[in-house]
Amino acid sequence: MIMTTETGQEPTVLRVEREGALVILTIDDPKTRNALSPALTRQLVAACQQINADMSVSCAILTAAGDVFCAGGNLKDMYARVNHFAGNAAEIRRTYLTGVQTIARALHDLEVPIIAAVNGPAMGAGMDFAAMCTLRIASEKAKFAESFIKLGLTSAAGGAWFLTRAIGQQRAAEMALTGETIDAQRALELGLILKVVPPEALMDEALALAGRITCHPAHSIRLNTRLLRDSARLDLPASLEIAAGMQAIVQQTDDQHEAVAAVIEKRKPSYTGR
């Protein structure tokens with residue numbers, strides 16, 4: 001099992017489980033309705049770093065315990081102006097750069113695909129965390145809101161960047177500038193999520209999707225994930241150059257040769273991760 005618990009007295013608010021090539025990350029902080037916190041930030045970033053370092057991991061799932069995916073920012077902290085809300089303007093800017101925004105960087109830099117299994121309301125930063133994932137499925141009980149404007153805030157966690165790329169400029173602007181909540185069916189219509197399923201089927205669906213990914217060679221999964229991500233910000237010549245280099249690397253792996261051999265020999269492939 002990959003562990004994210006740090007030394008000291010910090011509570012564990014992110015459960016980490018390993019199932020073969022899959023890592024399941026579960027936000028579990030019922031006292032705050034799985035709200036954003038410094039502990040969640042540190043533990044989620046640490047988990048992403050450990051996943052990247054472990055080449056035997058091919059996919060991850062991000063979900064939450066209870067009825068809420070993530071309530072977003074902690075309103076009590078916001079009102080008391082502590083944690084992410086403490087200090088003068090310069091101090092708050094630094095807090096975001098070195099705090100919650102490290103989640104955006106960590107999820108964006110994750111070398112394996114990560115599936116958001118949204119079990120309930122994903123509000124504010126919670127919606128942003130879902131948008132940062134590679135793929136998203138949702139329970140019928142899920143709700144989504146880019147709700148910062150209702151609290152007089154902006155989307156400092158990264159939503160302005162990720163949400164625009166997930167559903168387009170105009171739809172993202174509608175959600176950000178109205179702060180309105182949408183249900184899972186509307187999120188499906190917008191293309192924010194792939195599928196809506198009954199609550200009891202959510203994890204089975206996420207595991208099945210992960211299985212459709214992890215059955216392929218580990219190196220190919222990682223390189224395809226990076227190629228898709230990097231190509232989104234590159235022009236065509238630069239993307240083609242990176243693709244050529246990645247293809248040259250993967251074609252030298254034992255698993256790529258095994259994949260071809262299995263097709264020719266009409267059998268199931270047996271991958272070793274080499």
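In the stretch 230-258, the residues that are assigned to a helix (DSSP H, G or I) form Cβ pairs under 7 Å with partners that are surrounded by fewer than 13 Cβ atoms within 10 Å (Cβ to Cβ) and hydroxyl-bearing (Ser, Thr, Tyr), at six or more places apart or across chains, as follows: Asp254/Thr272; Asp255/Thr272; Glu258/Ser270.
For the stretch 61-79: of the residues being surrounded by fewer than 20 Cβ atoms within 10 Å (Cβ to Cβ) and at pLDDT 95 or above, which is nearest to Met132 (Cα to Cα)? Looking at the filtered set, the residue picked out is Ala65. Name every residue in the stretch 257-273 that is closer than 11 Å to Ala218 by Cβ and surrounded by 12 or more Cβ atoms within 10 Å (Cβ to Cβ), in order of residue number. Residues satisfying the conditions are Tyr271, Gly273.
The values are calculated or read from the model by the stated rules, or taken from the named source; none is laboratory data. Computed from a predicted structure; not experimentally measured. For neighbour counting, all protein chains shown are included, and Cβ atoms are generated from backbone atoms with ideal geometry for every residue, glycine included.
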